[in-house]
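Peer 1: After the structure tokens below, expect a handful of questions from me.
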Amino acid sequence: MNYAQKALIAAAAIAAPASAMAQEAGSLDQKVNAAFATATGPFVNLIFAPFPGTSFPWIVMWLVVGASIFTLYFGFVQFRFFGHAIKLVKGDYSDPNDAGEVSHFQALTTALSGTVGLGNIAGVAVAVGIGGPGATFWMILAGLLGMASKFTECTLAVKYRNEYPDGTVSGGPMYYMKKGFAELGLPGGGFLAIVFSVFCILGALGGGNMFQANQAHAQIAGIVGDYPGWITGVVFAAVVFAVIVGGIKSIAQVTEKVVPFMGILYVGASLVIILMNYDQIGAAFGSIFAGAFTGLGVAGGLVGALIQGFKRAAFSNEAGVGSAAIAHAAVRTKEPITEGFVSLLEPLIDTVVICTMTALVITISGQLIVNPETGLFVLNEAGTAIATVGDTSGVALTSAAFGSAISWFPYVLAVAVVLFAFSTMISWSYYGLKAWTYLFGEGKTSELTFKIIFCVFIVIGAAASLGPVIDFSDAAIFAMAVVNIFALYFLMKLVRRELNSYAGRLKSGEIKAYAH
Amino acid sequence: MTTKLVVGLDGHASGERALAHASRLAELIGDCELVVTYIVEWSPFSFQTAEENEQRHKRREEETTTALERVVNPAVAKLKAEGLKARGVVRHGDVSDALIAVSTKEGAEQIIVARASEGGFAKRFFGSSTSNLVMSSTVPVTVVS
């Protein structure tokens, strides 16, 4: 479904009389879905509005241009300092006297637990299902460029974080917008921080919450059979409520420890499937490259593949969005730029490695139906996506792709999906809370209010169908990127100052690696 | 020249045994300083939540204060009461690595620790801090049983 069609459907939903909608909406899921589409339609349409006369959404261009400018401005920092980033994560430059604080590794893994999630499993399936294997190429390119965006925002997040007298720290785009603009003598930093915080709260409720609950339900229903989404929502909401409100940290601690292993298991299983079909690896990469530049036989053609690739990459690794900068801000280092280097590994791990694995498995598994005569993909009846075996999409498509090679893997995937969804929700509840407390002040009542709202949205997300939820998720997160990248353009010279200073001292030997 | 001995405490009864042995050694040596050391076990490669990261610095300070108040300072006071020269150190990190680092930095002649009485499957499987210390230390180690 292209954006014009989505816009038409959204407009129709708004125009439809309430009585007619009520008649059609038989179940609670449908009622929630209809009300949700009506409420969020205009916001979604605004964010994904195409350039006049084209089907190219301006927001995708905004992200690509931003990431490209940061890449050029910092002289391909993601490639020049890649090796140094690895050394930093290993702790080679950590002062042993600073031990006991948050390490680069911990800041990276904390941020990754927020970004590695359903976007890597379901989001990639949506992209490949609509844009074909060619979407993978654009996804990888967006991931590589996005490394520079993440470098910029995370450096600033550490540089301008708040350190409170009790020793706790808080940071993120809202802080660097306010303090950075003030340092440069520019007006409007405070206003941008407020706008960003509003979108961050919406993003936390959308992509960081409803999308996760929605896809977790889809996966569980795929295993145990269909049942109402609100049941999953209530169970998830109860557990998340227990963790974020009840202070039952043990659940979060278990999840945080299990998720990395699930990630390794997921990548391991992907590699097994890819190696089992080693004879198709060449063909899969061939279709990725061919599809990237021709887009033949996929919904939306070349532009469709490109848009889907960039959209999914941005949604998955969140580069330029500013969310992970909140997690990275807690690292303890004397040099803010070092966290910038470490954070640039995030899009690489998330998008270039994990998302590509998913895309390769789907491409190799033969779940996408190809016309044997023309060699082109067959579109579904509506012409909105590639027809798949069993008419699957989203996480169900990924599950079917894995299941075609390893029959029991959908069960493991279901566990992974639930854990990924859970850890992402916990992470985003924190991001949303930071934005909320920035706006409304810190205090138990204020924090509890946000946490309750967050849990209510879990139920809504699990009950609503994929379409409106995924659109709102994208829209809210991309809206954060609009404000964040705008601010980064003004602040990037501060980052370059840090980069030049650090690079000079590293070269002169003033910054030394510690022997371990 | 003052001889320095590093005494590793773990907050348990075994630490008391190490302390008692170090005290006897210091009396025999004469001009001796005891560096009473407590290592808060911490790994930079553990997984944490964003909220834990936010609170980490605060918790580190609390852990240091608690270790000083409950373990290190009483031990130092006891040694001083016996007429010995002593001071306390608290560090975060891997127990054996951190004890070796403190000893090297201090130029200590010896590290004195006590073997923990607790055993169990996990320690047999992963190895204990004491055996790691004995295996990797560059400073002579005395293990009090």
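The values are calculated or read from the model by the stated rules, or taken from the named source; none is laboratory data. Bear in mind that the values here come from a model prediction, so they are computed numbers and not experimental data. Only protein heavy atoms, including side chains, enter the accessible area calculation; ligands, DNA and RNA are left aside. Shrake-Rupley method; radii C 1.70, N 1.55, O 1.52, S 1.80 Å.
Peer 1: List the lysines whose Cα sits under 30 Å from the Cα of residue A:178, skipping any in the same chain fewer than 8 residues away.
Peer 2: Leaving aside lysines fewer than 8 places away in the same chain, those within reach of residue A:178 are A:150, A:159, A:311, A:334, A:434, A:444, A:451, A:493, B:58.
Peer 1: Can you give me the long-range amide H partners of residue B:7? Hydrogens built in the peptide plane at 1.01 Å from N, cutoff under 5 Å, separation of 5 or more residues or another chain.
Peer 2: Close amide H contacts, sequence-distant or interchain: B:35, B:36, B:37, B:112.
Peer 1: Separate question: If I take all pairs of Cα atoms in the stretch A:280-417, what percentage of them are more than 17 Å from each other?
Peer 2: Value for the stretch A:280-417: 68 percent of Cα pairs lie more than 17 Å apart.
Peer 1: Top mean-square fluctuation among B:43, B:129, B:96, Gaussian network model of chain B, C-alpha springs under 10 Å?
Peer 2: Highest fluctuation of the listed residues: B:43.
Peer 1: Using a probe of 1.4 angstrom, how much of the accessible area of the stretch A:77-197 is carbon and sulfur, in percent?
Peer 2: So the carbon and sulfur contribution to the accessible surface is 65 percent.
Peer 1: Compute the Rg to Rh ratio over chain A from the alpha carbon atoms, using the Kirkwood formula for Rh, and round to two decimal places.
Peer 2: 0.96
Peer 1: Less than 18 Å apart at the alpha-carbon level, and either on another chain or at least 8 residues along: which aspartates and glutamates does that give for residue A:90?
Peer 2: Filter leaves A:98, A:101, A:335, A:339, A:346, B:94, B:97.
Peer 1: Placing one identical point scatterer on every Cα of the stretch A:375-509 and ignoring solvent, what is log10 I(q)/I(0) from the Debye formula at q = 0.13 Å⁻¹?
Peer 2: The calculated log intensity ratios at q = 0.13 Å⁻¹ are -0.90.
Peer 1: What list of ³J(HN,Hα) values in whole Hz, one per residue of the stretch A:114-130 in order, does the Karplus curve 6.51 cos²θ - 1.76 cosθ + 1.60 (θ = phi - 60°) give from phi, with Gly and Pro shown as x?
Peer 2: For the stretch A:114-130, the Karplus curve yields x, 9, 6, x, 5, x, 6, 9, 7, x, 5, 5, 5, 4, 6, x, 9 Hz.
Peer 1: As a test question: what accessible area, to the nearest 10 Å², does residue A:338 have when a 1.4 Å probe is rolled over all protein chains in place?
Peer 2: 10
Peer 1: Over the heavy atoms of residue A:498, what accessible area does a 1.4 Å probe trace out, to the nearest 10 Å²?
Peer 2: Its heavy atoms expose roughly 40 Å² to the probe.
Peer 1: Now for a separate question. Which one of B:20, B:114, B:67 has the biggest mean-square fluctuation once chain B is modelled by GNM with Cα springs under 10 Å?
Peer 2: Its mean-square fluctuation being the largest, the pick is B:20.
Peer 1: Would you mind giving the total buried accessible surface between chains B and A, with a 1.4 Å probe and ligands, DNA and RNA left out, rounded to the nearest 100 Å²?
Peer 2: 2300
Peer 1: Against the longest principal axis of chain A, how steep is helix A:134-159, in degrees 0 to 90 to the nearest 10, with axes from Cα atoms?
Peer 2: For helix A:134-159, the angle is close to 30 degrees.
Peer 1: Nearest 10 degrees, 0 to 90: what angle lies between the long axis of helix A:249-276 and the longest principal axis of chain A (Cα atoms)?
Peer 2: Computed tilt is about 60 degrees.
Peer 1: Ok, one more. Leaving out ligands and nucleic acids, note down the accessible area per residue over the protein assembly as shown with a 1.4 angstrom probe, in whole Å².
Peer 2: So the protein assembly as shown comes to 40 Å² accessible per residue, rounded to a whole number.
Peer 1: Using only DSSP helix segments of four residues or longer, with each worth -39500 (n - 2.57), what per-residue ellipticity at 222 nm results for chain A after dividing by its residue count and rounding to 500?
Peer 2: Mean residue ellipticity at 222 nm (helix-derived): -23500 deg cm²/dmol.
Peer 1: Continuing with the same structure: Using modelled backbone amide H atoms (1.01 Å from N, in-plane), which distant-in-sequence or interchain residues come within less than 5 Å of residue B:92's amide H?
Peer 2: Those lying under 5 Å, H to H, from residue B:92 are B:40.
Peer 1: Angle, helix A:301-317 long axis vs. longest principal axis of chain A, Cα atoms, 0 to 90°, nearest 10?
Peer 2: Relative to chain A, helix A:301-317 is tipped by roughly 50 degrees.
Peer 1: Oh, and also: Less than 29 Å apart at the alpha-carbon level, and either on another chain or at least 8 residues along: which lysines does that give for residue B:4?
Peer 2: Once the sequence-local lysines are set aside, what remains near residue B:4 is B:78, B:80, B:85, B:105.
Peer 1: Kindly write out, for the stretch A:403-410 in residue order, the coupling ³J(HN,Hα) from the Karplus curve 6.51 cos²θ - 1.76 cosθ + 1.60 (θ = phi - 60°), rounded to whole Hz, with x marking Gly and Pro.
Peer 2: Each residue of the stretch A:403-410 in turn: x, 5, 9, 10, 4, 8, 5, x Hz.
Peer 1: ³J(HN,Hα) across the stretch A:343-350 via Karplus (A = 6.51, B = -1.76, C = 1.60, θ = phi - 60°), whole Hz, x for Gly/Pro?
Peer 2: Coupling constants for the stretch A:343-350: 5, 5, 6, 4, x, 5, 5, 5 Hz.
Peer 1: So, one more: Heavy atoms only, 1.4 Å probe, whole protein assembly: order A:436, A:58, A:408 by accessible area, highest first.
Peer 2: A:408, A:58, A:436
Peer 1: Same structure, new question: Pull up all non-local amide H partners of residue A:162: gap of 5 or more, or a different chain, and H-to-H distance under 5 Å with H placed in the peptide plane.
Peer 2: A:170, A:171
Peer 1: Hey, if we sort A:226, A:279, A:166 by accessible area with the 1.4 Å probe, largest down, what's the order?
Peer 2: A:226, A:279, A:166
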